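K.L.:
Here it is: the structure, laid out below.
The values are calculated or read from the model by the stated rules, or taken from the named source; none is laboratory data. Note that the coordinates shown come from a computational prediction; the quantities given were computed from them, not determined experimentally. For neighbour counting, all protein chains shown are included, and Cβ atoms are generated from backbone atoms with ideal geometry for every residue, glycine included. These accessible areas exclude ligands, DNA and RNA; they are computed on the full protein's heavy atoms, side chains included. Shrake-Rupley method; radii C 1.70, N 1.55, O 1.52, S 1.80 Å.
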Amino acid sequence: TVHRQTTFDGSVAGFAGAQGIVLPEGTKRTVHKKDGYEEINVPAVRAAKPKHHERLIPITEFSAFCQPAFEGMASLNRVQSMVFNVGYKSGNNMLVCAPTGAGKTECAMMTVLHQLEQHLDRGVLRSEDFKIVYVAPMKALASEITEKFSRRLSRLGLVVKELTGDMQLSRREITDTHMLVVTPEKWDVMTRKSADAALTSLVKLLIIDEIHLLNEDRGAVLEAIVARTLRQVESSQSLIRIVGLSATLPTYKDVAVFLRVNPERDLFYFDNAYRPVPLETNFLGVMGNNQGKVKATMIEITYKKVLERVRQGHQVMVFVHSRKDTYKTAKTLVELAQQEGTLSAFECREHPKYAQWSKQVEKSRNREVKELFGNGFGVHHAGILRSDRNTVEKLFGEGLLRVLVCTATLAWGVNLPAHSVIIKGTQVYDAKKGKFVELGVLDVMQIFGR
């Protein structure tokens, strides 16, 4: 017998080695000798056929108390409907692995609603008996989730607050809050301090989002949180439900065992066939040894691809790997467009809201945002003020920016759907190692998930 290793070191080879994965059929490879690059096209996966017993769960199957949280929705989608019985009808630990955009947040919402129903007393919520903790991997993501849950759960009288390095809460505020959205590091600190024991003993539901980060540098923090929670369950004999949400990850069975999830019943694994929007991927390899030349070719190809998509009327995100590079890339793309006389394709001056937004952009203190806006380009990275970042996100959401050049912060955090995503270069500078390292598979998947 051959013992297959399940350890996954994050490299592409490791990913393929986990289950002997081959590229899907229909993959085409073209070499553009003249332009100095080759292209590999991986077609989108066909949607999985519905099973005969599969049905979409209508919202009316939730209790009358919970229905307001799903305002504007008629039924759950496929992934959520399959999770419904375990998520909402039971209190078991569960792990849901599904592609980005398949609606994992709703799966978390179901577990929250199940928890609330355990604390309903004749239609009144006993707020002092429980706390729900949602662990989100980044601050940007934490604020987005807080906003999302707060908007929907406030109809049920719930208070959702963010507790991260940015947002401090007083003792009183924590007591009045039903659901805390935290970063792993913050919750790690909270669970260590004996002063906060009163709070941690009230936690009845722990939701860990993006649990595939167990494999990254910060995985140890998540491990510590889970281990501490499991120990608390054993020592206090109280029930704490642990729910893990993750992108598709190769070693999901190992993670399920770690979270004490019953793999037969409470583990859900959905592959890319369940993506609501099919995803086609292209990999472009630039040939040559001369660094300067390779970079120049890269930006030219980026420009061609961007122009092609914009002419079809789509919006494009270009991901680069340093803050300085966002502006540099955007500026170069604008210059290339000027040289070729194609700037008009990118401009959005005909947009009905152009005038009102351009006034808002003028108020911005960020020179780069102001300068690029007229040409239909935008930049986004963690070094820009939060207000300017929000403006850029809204502009892109409204369709006033054709091209957004950003760093990977945007892929993890903000939910901005784009038709096409381009990753320029696969090397990221790692300050700890002091050298460039290859972009991890999970990061690429997360970015493509846009």
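K.L.:
When Val112 is evaluated against the numbered criteria (1) open to solvent by 10 Å² or more (accessible area, probe 1.4 Å); (2) more than 18 Å from the chain's Cα centre (by Cα); (3) among the β-branched types (Val, Ile, Thr), which criterion, by number, is the only one it fails?
P.N.:
The failed condition is (1).
K.L.:
Looking for whichever is under 22 Å from Leu222 (Cβ atoms), in contact with a helix residue (DSSP H, G or I) (Cβ under 7 Å, 6 or more places away or on another chain) and aromatic (Phe, Trp, Tyr) here; the options are Tyr134, Tyr88. Which one fits?
P.N.:
Tyr134
K.L.:
Which pairs turn up if I take residues in the stretch 83-102 that are open to solvent by less than 20 Å² (accessible area, probe 1.4 Å) and look for partners that are assigned to a loop (DSSP other than H, G, I, E, B) and among the β-branched types (Val, Ile, Thr) with beta carbon separation below 9 Å, at least 6 apart in sequence or on another chain?
P.N.:
What qualifies is Phe84/Ile57; Tyr88/Ile57; Met94/Val261; Leu95/Val261; Cys97/Thr248; Ala98/Thr248; Pro99/Thr248.
K.L.:
Quick one: Val320 ticks every box in (1) on the phi < 0 side of the Ramachandran plot; (2) open to solvent by 40 Å² or more (accessible area, probe 1.4 Å) except a single one, so which number is it?
P.N.:
It fails just one condition, (2).
Residue-wise test of (1) open to solvent by less than 10 Å² (accessible area, probe 1.4 Å); (2) closer than 21 Å to Asn282 by Cβ.
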residue	(1), (2)
Lys305	no, yes
Gln312	no, yes
Gln315	no, yes
Lys328	no, no
Val334	yes, no
Gln339	no, no
Leu343	no, no
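K.L.:
Does the stretch 330-351 include one or more residues that are touching a residue at least 40 places away in the same chain (Cβ under 8 Å) and under 22 Å from His32 (Cα atoms)?
P.N.:
Yes; the residues of the stretch 330-351 include at least one that is touching a residue at least 40 places away in the same chain (Cβ under 8 Å) and under 22 Å from His32 (Cα atoms).
K.L.:
While we're looking at this one, here's another question. I want to confirm something. Restricting to the stretch 72-104 and keeping residues that are β-branched (Val, Ile, Thr), within 22 Å of the chain's Cα centre (by Cα) and at pLDDT 85 or above, which single residue is nearest to Pro250 (Cα to Cα)?
P.N.:
Here the answer is Val96.
K.L.:
Then there's this: Within the stretch 249-266, which residues are within 13 Å of Asn215 (Cα to Cα) and in a loop (DSSP other than H, G, I, E, B)?
P.N.:
Leu249, Pro250, Thr251
K.L.:
Filter the stretch 267-302 down to residues that are in a helix (DSSP H, G or I) and touching a helix residue (DSSP H, G or I) at 6+ places or on another chain (Cβ under 6 Å) and give me whichever is nearest to His321 (Cα to Cα).
P.N.:
Applying the filter and picking the extreme gives Ile299.
K.L.:
Another question, then. Identify the residue in the stretch 21-71 that is among the acidic types (Asp, Glu) and not in a loop (DSSP other than H, G, I, E, B) and, among all such residues, is nearest to the chain's Cα centre (by Cα).
P.N.:
Checking each candidate, the answer is Glu39.
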